[in-house]
Structures are given as C-alpha cells and as structure tokens.
Amino acid sequence: MKDQDESLYYVGDFPVPESPEPGQEPKPWGKTRVIGKPIPRVDAYERVSGAAVYTSDVTFSDILYGVVLGSPYANAKVRSIDVASALKMPGVHAILTGSTKGADLVWPYVWGKDKAKLFDPHCRYEGDLIAGVCVETPYQAWDSARAIKVDYEVLPFVSDERKALDPKSKAVEAPDKRVAKTEKYERGNLEKGFAEADIVLETEYRTECQIQTPIEPHGCVAKWDGDHLTLWHSTQGVFYIQQQVAEVLGIPLSKVRVIGRYMGGGFGSKLEAGKYTIVAALLAKMTGRPVKLLLSREETFLVTGNRPPSNMKLKAGVKKDGTLTALHFTVLGTGGAYESGGISLTDWLVRDLYTCPNVMCESTEVLINAGLTCPFRAPGHPQGAWALEQMMDSLSEKIGMDPVEFRLKNIPSFSQARQGNPPYTTTGLKECLEQGAKAFGWEEARKKTAQQDKDNPVRSGVGMGACLWFVGGGGPPSTIVLKLFADGSANLNMGASDLGTGTKTIMAMVVSEELGIKPDKIQVENADTGSTQFATRSGGSKTIPTESPAVRAAAIDVKRQLFQIAAEELKVPASNLALQNGEIIPNADQSKKVKLNKLEALKKRGVIIGIGYRGPNPEKKWVNPFAAQFCEVKVDTRTGEVRIVRFFAAHDSGRVMNRLTYDNQVIGGITMGIGLAMTEMRVLDHNETGKVVSRNWHDYKLPTALDVPWEIVSIAIDPNDTEANTTGAKGLGEPVTIPTAAAIANAVYNATGIRITNTPINPLQLSRLMAEHKTRR
Amino acid sequence: MNNESDEKNGGSSGGVTRRGFFASVGAGAVVAATAGHAVAQKTAEEIIKPEDMGKITLLVNGRKHKLLVEPRWSLLFVLREKLGLNGTKVGCERGECGACTVLVDGAPQYACMILAVEAEGCSITTLEGLMNGEELGPVQQAFVEHDAFQCGYCTPGQVVAVEGLLRKNPNPTDEEIRRGVSGNLCRCGSYMHIFKAAHRAADLKRGKGGAS
C-alpha cells in the first residue's frame, strides 16, 4: 500500500453509517431503463446558454479586483518590500504583504514542510507569493502590482532535475538538501529473474513536464459578512477548500462557506486552495468589500501544479514463451522546490499491471527551483506507461510474439503489489485487449503496415498500450439527501463537484432508474458547503463509484417511505406495490393504481426526504479499472510530422452509467494523452535564469481541433461487477489518458523503426532521430 | 502601464499621446479612429491617461449600450464586468484560447484582443445573443445533443465560432469545421463531439430537425 498516495483518494477505514442496513443492500440492476443510455446532461442548458455561473462570473456591484505579485526569480530572498508608491496608484484600496497585520500565517499545504509561511521571505520558485493588491479595476491592479518595489537577493538556482544530484549544482535547501524523498519496492529475486530470462532489455525513457492549464483560470471571489466568509472557488472539492481556509485563517468551519457549483476544468490542479485563496480572503477583510481574484494565464503556468518530468530506466527480462521474469524500474523525478509528489505512482504499473514474480522499483524525488507538482489526471501512470508499454512492445518484437498476445499472457487476477495480494472484484483487461484488437482490426492492420511500400515517404504504423488505474473504486464517506416533491419531481442534494465528467447527470439518472422520474424533472443541488452534504474531493476517478451507490440508497429510502404512505391510502401491503412512470401500482390489482400527485398524505407532507450513505467497499478485494488503447498513425518521413489517423479505446470501468458522457471522457482522455505524447512540454531556462519559458498557450501547445483524429471509437467493456458497489460503476476519467502516449510511440515505431523514448514526439525530435537513424544505417 | 512612460510609448510622462496610443495598439486603432467616437475625436496632441474615460456606444446583441470606458479596456472586460454578459468567458486575455470569442459584424473574433473603443460602430453578438428568448439556438441545441463539451467553460467560444462558421459557410466539410474551431482550445478534449455538433447544427439551421 502506498498510504500517502491512497490517502488522497480514500479516507481510510472507519465505521460509516450505511443505508440500507448491512446485508440489506439492493441487488445489482438487471436490465436498466435509464442507466447506460446516451442522455444529454441535466445542466447542458446552463452550460451552453451562458446561464451557468462559474467562479470567474461571480460579481457584485461593489466588487474589487485582486491580483497577486509573484517572485520573478527562480530562487531569491526578499530583503524588503516598498509599497508606498504603489499605494498612491489610482484605484488602490489595499496591499497585502508578509508584514501586513494578520498576514503572518502558516501555509501547511506543502508536503514535508510543516512550517512554511504564506509569505515566505525565501521564494524558492518563480511565482511564489510576494504581495496581493486589491484595486477598482483589474487594469489598475496590474499597474499597482508592478509599482511595488521589491529588493531581492537573487540566488543561484537549479532547474534541471537531471543535474540536481550533481554536487556542482546548487542545492535548493541549505546546507545540501537535494533529495526530497526516496522509495523502494521489492518482491521476489531480481537476479534470479534476470538469470531465467531468454531476453533482457534495458532502456531509458523520459516524459516532459505537463501542465494542466484548465481554461477557467484558478481563482475565487471572497466576501465577508461580519466574521462569516463566503468563497466562490473554482475547485474540485468545496469541503476541502473550506477545511484549508478555516485552518489557515484559524476560524471555525461553520464560518466559512465555499461554493463551486460550476468549474471550468481542473485535471487535478484544482484539488486544493492556493495561496491566492487566502490573499483574496484577507484583502476582502481589509477592504470590507468583495474581492475577485483570478490568476493570470501566465501565473497558472507557474504555481498551480503539473505532471512532473520523469526520468525512467526499465530493465526487463522475458522468456521466449512470453513469460515475464524480472522488471527493474528506476525513476528520478521532481515535485519542484518542496516535496510534492514528484515520483508519486510512477512505478505503479511496473509493480502491478503484468504478472511478474521479481520486481524492484527505486524512486528518487529531487528538489529544483520550480513550481510544485500536484496530482495531474492519473498521477504517475501515463509516465510509467510510457516506459512499460514501450518496453512490452520491444520485448514482444524480440521474442516474435504479437504485442496483444504477449500482454494477454501476463494478466494477473489479483493485485501483486498490495499486501496480501487481494483479488480484483473484476478485471476486464483480457476483454479490453481482445475486443479492442478485434474492433480495431489489429492483426490485419499489423500485416498491412509490415507490407507497405518501403519507398513511400509517408509511412503507416499501428501501436497499442494497456493499463490499470490504481484506485477508481471510490468509497465512503458520502451522504445524499433526496427530496421527492408532492408532484413527483425531485431535488437531489449532493456535495460533490461535477468537473464536467457528467456527475450531476449520472446521479439524476440513478434516481430516475429507481423512481421512474425523468432526469429533467430532477434538480441537482451540489458543491456548496452551506447547503449540500459533505463530500470528498472529485479526483482519482472516484466520484461516480463513490456517489452513485449513495444516491441509489437515498432513492430506495424515498421509495420505502412512499410505499408506506401509499399502502395506508390504498389499503394494500407496502410489499405489494410497484412504482412506474410516476404511478404507484398495486401488484394484485392494477386498476387501483394512483398517480403520485394524487396521494393525499404526500400532498400534506409536501415532501419525502430520503437519505443515502455510501457503504464500505468489499473486504479483502480491490477495485480497479482497466483499459487497452489502439491507434494508427501516418508519419511523413520527410518532415517528421505525425498524424493520428484513428484511436480505438476499450475500457473496463465497470457499468456504463451514461453512454454519451462515457464516450466523451474517452475522447477527452485520448486528446490529453496526445498532448503528453506530441505537443506539451514545460521549458525551463536552465542556462540563464531558471524561469519558465513556456508560460502561455503559444509557447506551450495544447492539442487543438487540428491535432486530433476524426475517428475515436470507444468500446465499453462491462464486466458486470456485482461486488465493487451497488451500481457496479468503476472510475473512468483517469484510465482514459494512461496508455495513450505509449500507444502513439509504439505506432510511430511500427511506422518508422525508430523508438522514441522521450516526449514530445514532434517534428523537431523525430526528424533529428530519423537523420541519426539514416546515418547509422 | 506604469508611471514611467517612455519615449516609445508617446514621449511624455503620466500618459500617452493619442498618436503613441494608437501606434501601440496597432491596426485595430484605425477602426477606432474612423469610427468617430468620443475618444478618437480628441486632438492629436492631447494626452490620454489610462484612467481617462471616454463615452462610447456599443451595439451588443441588438441593444445599444452607452458606456464610459477607459481607452485600454478590452471588449471582453466591458462585456463581462460592465454589461454582465458572462457567457463570454475569460481564459487567457492574450488571444490564445478563444473562450471569449464573439461575433463582430458576423465574424468570430477574440473579445480580449479588441479594445472596447474599437468595437464602437460594430455589431457585436455574444453567446447570449444566439438564444431565442429562453430557447436555445440551433448551434447550442446541437452542442447539447452531441455532448460537445465537458466542463463547459470553452463552450461559449466554441458555439460562437461554429455560429460564425455556419453564417459564412452553411454546409462546411469536415476539414472546414476543424479549421473553423481550431482557434478555440478545449482542454477537456471534446473536439470530436464538437465536430459532430457542428454538422448537426448545420442541419438544424437548414431546417432539418428530427432526431440526430
């Protein structure tokens, strides 16, 4: 178990209220009427009409605008700050620095650093907080922030993690702290494993640092009413922000309300509050006015997290029959200037995806003067897949076995890396590989690329990759309150955020499935600490498997109460009643059926309130999603350009809850994987300044409409998981992006014979490698 | 801009001259200068300070709005923060993401790259202007049907970009659709559904309703 990593997604073992009572859980759904269908979102109207109020849209007539001033240096100490002339700038209401009364606060959200300050006089990375300014208009805010005079002692820096252990490089922490964390995992006997192998390969791989950059900038609006703070926050978890803000400001949870009903993308970068959150709250307090503080686009590239660069080496041994005998994986990563997950889970797939008795993984996280990492969509996994899935491709070629067949030979039914080797509730990896390959036409496609005209400068290639995601089962706590109104419509109250994955819609569908209410008659109230139920953060692909069983339990609770009322009114035992299309129907005498809005008792009560809790996960079993992705590329060997022709993705994420949003997750994950593989890379100026060079979307390229294939086919594998939870859903949002980059690299290899071990596969790198390849030949 | 205005910026401290100001904002200023509004009418030698407000009239979604604006305010800022039209989203404020795409005289443009004073005399259409009262317009309807968004934040820009494309080209090919929305980033990566929605929207606009 990797406690630290898992604690991000699971609260751990503790007694939870259960409804229905243990042993009374509902049976898995058989044939469903609503669940699994392609149903448009319940909040689609709001999102396409402009009616949805995102945090950046929140405003008041007396609003002020906040901006933060960050350190312009990779490593510097602040000697002094002079705000006198800035304060005289037009429109300035307040300036906040570390010496402002009440601003000397501890910032405890840096792992391994429990005494860090909100305003740390030693800014160890570019963009670390210097000051906050609050002004009448954003234009004046930028003017005045620039007018703050800061005297810096500029210090030497280290920006390249590959050189951070070199004694000649500057260490981030004095006297000589270079390593933030090391991890070692071992099972079996590596030496013996390699001795048994017919083939041993060893390759170094690297993935560049990827930055989330959701389109809605990070930010919040802070408003005080006396000692009560309301925060509108673009976040993946309002209750977590509430806890952080209450802790830093030292005020009770009951005095902090956080609202985040709509948020414009997070991908892990909005799991936590930022220093900007506290700055906004303090500026609002100082001025007695609501303050809107959105980070500038540039700042989001510096201080809101990333997928850290991973420098990996994988040595693998295999027998000619395709049996893996040994895997030795090392990774050097960095979480930036503090320990922050720079090696988190990079080795997980090596540990757990394929059957292998002898495994060693050694991970080292070093410190550099750069912004901190945070869990970026499937932390560690796409990097690990980049190494492992390319290695699997190389091994299969060496032993003359088809890559799909090779993987099929090594599928485990239990988690090898966890203590006690718990079995998976279900693993659809075999079906993902087989059905994905069949739908893609894998064997024929491989034959075709092998036989293509050697003189054609545009070469076709196909490649594939597989994965699991180390969590994705969800779990307690979660509480849902479902209100059935007297006219048969309903209100669903849920604390969880909908990141755009379709959470709200899927929960309405669960209610619809149980109670027969059309999804568009269900109002969903969510993500507000003041008015909705406690929920954990939406991350780790756990929201659907966490919330949907609790919603189902709440609906069953409503149904039970409804039948009690109806039984008295119809003089029929409750156990003989059924609910269909807004009507209560006695099984014995269908002519006695009655519409919900005709039930006198319901009319008088006005509402039936059902409560559902998320019960515990199965004991001694593990819930993971699995996947296999296949792609075809065309490589222009004259220019080094790669065009992705098609992608087929077979995913076992348990039950498909909504086919429309399910497929959307798949195409979105693949698009983001294309970014990792081909276009995205954070560039730091290693030579002169250590600063981030790629700090906007011109210099840091996201995949655009021109970079994605027209054909992305989603193949849903439903293993009928009756043990995972009462809806059978597993996580989807993260596995969809794990094997993508590796599948592309394997396809480019298939097309060109060139193994690209470093991201991004762009024309610059590919044409260079092709030139070297030619020279070698 | 700070107090230390230099020669390049107009050659006098405390502000910029009209000439310097227009030189610095580039070709767009020609539109402003010919539009004949209050700010542009100032004499060539008069110094315009950042905070000097000018009176302009903006035509947005068929309604005229009289506004006092600073010359440096972007159309995006005025639409969102002064007119409350929050359908137009703020993503980068540097012409990269397209979240703030609006129609200027029918053509998609980034509202963050247009000064409010430049927009005078133009007909501006925002996402809100594509609604028929409380009913969704055809492009919006197509986006709903094909789930052409996830978080929905880039969506207003995507919808407006498709609207602009279809006004110019009612029957676009796959490739024309791709190019039509290639100036609009979607970090959730829903492009494939956006392409489908664009085709569906073209059908809807041609009066081909029915099931998609």
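For chain A, the membrane-span-like helices by this rule, meaning whole DSSP H stretches whose C-alpha atoms cover at least 15 Å of axis and whose Kyte-Doolittle mean is -1.0 or above, are A:238-249, A:275-287, A:381-398, A:429-440, A:503-515, A:543-570, A:659-674, A:740-752, A:763-776; this says nothing about an actual membrane.
Temperature 37 °C, viscosity 0.692 mPa s: under these conditions the Stokes-Einstein estimate for the protein assembly as shown, based on its Kirkwood radius over C-alpha pairs, is 110 µm² per second. With R₀ set to 41 Å, the beta-carbon distance separating A:Gln590 from A:Val16 gives a calculated FRET efficiency near 0.55. Evaluate the Debye formula for the stretch A:42-175 with equal point scatterers sitting on the alpha carbons, no solvent, and hand back log10 of I(q)/I(0) at q = 0.09, 0.14, 0.15, 0.22 Å⁻¹, in q order, two decimals. Reported log10 I(q)/I(0), two decimals: -0.40, -0.79, -0.86, -1.27.
Close amide-amide hydrogen proximity is noted between A:Val458 and A:Thr637, each under 5 Å apart and 5 or more residues distant or on a separate chain (H modeled in the peptide plane; Pro and chain starts excluded).
From least to most packed, judged by other beta carbons within 10 angstrom and beginning with the fewest, B:Glu128, A:Glu173 follow the order A:Glu173, B:Glu128. Shown here: the stretch B:121-198, whose C-alpha atoms stretch 33, 25, 21 Å along the first, second and third principal axes, sorted largest to smallest. For the stretch A:197-211, putting each phi into the Karplus relation 6.51 cos²θ - 1.76 cosθ + 1.60 with θ = phi - 60° gives couplings of 6, 7, 10, 10, 10, 9, 9, 9, 10, 8, 10, 7, 5, 10, 10 Hz, in residue order, rounded to whole numbers and with x for Gly and Pro. On the basis of the beta-carbon distance and an R0 of 41 Å, A:Asn576 and A:His228 show a calculated FRET efficiency of 0.20.
Between the stretch A:605-683 and the stretch A:497-571, the C-alpha centres lie 24 angstrom from each other.
Exposure proxy ranking for A:His698, B:His193, based on other Cβ atoms within 10 angstrom of each Cβ and starting from the fewest, stands as A:His698, B:His193.
Before anything else, pin down the relative contact order of chain A: Cα pairs under 8 Å, at least 6 apart, normalised by residue count, whole percent.
For chain A, the relative contact order is 17 percent.
Phi-derived couplings, Karplus 6.51 cos²θ - 1.76 cosθ + 1.60 at θ = phi - 60°, listed residue by residue for the stretch A:474-479: x, x, x, x, 7, 10 Hz, with x used for Gly and Pro. Our note on the geometry: Cα centres of the stretch A:579-595 and the stretch A:684-701, 67 Å apart. Under a plain spin-label model, where a point goes 7 Å from the Cα along Cα-to-Cβ, how far apart in nm are A:Ser99 and A:Lys117? Here the modelled spin labels are 1.1 nm apart.
Sorted by packing (mean other beta-carbon atoms within 10 Å per residue), highest first, where do A:748-754, A:591-597, A:466-472, A:281-287 land? Provide the component values of the computation, followed by the final result.
Working: A:748-754: 20.3, A:591-597: 14.7, A:466-472: 28.4, A:281-287: 23.0.
Top to bottom by mean Cβ count within 10 Å: A:466-472, A:281-287, A:748-754, A:591-597.
Sorting the segments A:402-413, A:362-373 by their residues' average number of neighbouring beta-carbon atoms within 10 angstrom, most packed first, yields A:362-373, A:402-413. Between B:Lys49 and A:Glu46, the modelled label-to-label distance comes to 4.4 nm, taking each label 7 Å out from Cα in the direction of the beta carbon. Judged by the mean number of other Cβ atoms found within 10 Å, the most tightly packed of the peptides A:562-569, A:673-680 leads the ranking A:673-680, A:562-569.
Using only atoms on other chains, find how many Cβ atoms lie within 10 Å of each Cβ of peptide A:207-218 and report the average. The mean count of partner-chain Cβ atoms within 10 Å per residue comes to 4.
Per-residue Karplus couplings for the stretch B:80-91, computed as 6.51 cos²θ - 1.76 cosθ + 1.60 with θ equal to phi - 60°, are listed in order as 7, 8, 9, 9, x, 8, 7, x, 7, 8, 9, x Hz, Gly and Pro entered as x. Averaging the sequence gap over all C-alpha pairs within less than 8 Å and six or more residues apart, then dividing by the number of residues, gives the stretch B:131-205 a relative contact order of 50 percent.
Our estimate of slack between A:Lys447 and A:Glu247, defined as 0.36 nm per intervening residue step minus the Cα-Cα distance, is 65.9 nm. In chain A, helical runs assigned H by DSSP with n ≥ 4 each contribute -39500 (n - 2.57); averaged across all residues and rounded to the nearest 500, the mean residue ellipticity at 222 nm is -8000 deg cm²/dmol.
Provide the percentage of antiparallel DSSP beta bridges, counting only those with both residues in the stretch A:126-260; round to the nearest 5.
Among the beta bridges of the stretch A:126-260, antiparallel pairing accounts for roughly 65 percent.
Cβ crowding within 10 Å ranks A:Glu6, B:Glu120 as A:Glu6, B:Glu120, fewest other Cβ atoms first.
For the segment B:90-103, counting C-beta atoms of other chains within 10 Å of every residue's C-beta and taking the mean gives 5.
Between B:Asn132 and A:Arg187, the simple label model (points 7 Å from Cα in the Cβ direction) yields a spacing of 6.2 nm.
Shielding by partners for peptide B:177-184, expressed as the average number of C-beta atoms from other protein chains within 10 Å of each residue's C-beta, is 3.
Every number in this text was worked out from the coordinates using simple rules, so none of it is lab data. Here the structure is a predicted model, which means the values were calculated and not measured. Neighbour counts are summed over all protein chains in view; Cβ atoms, including those assigned to glycine, are modelled from backbone coordinates with ideal geometry.
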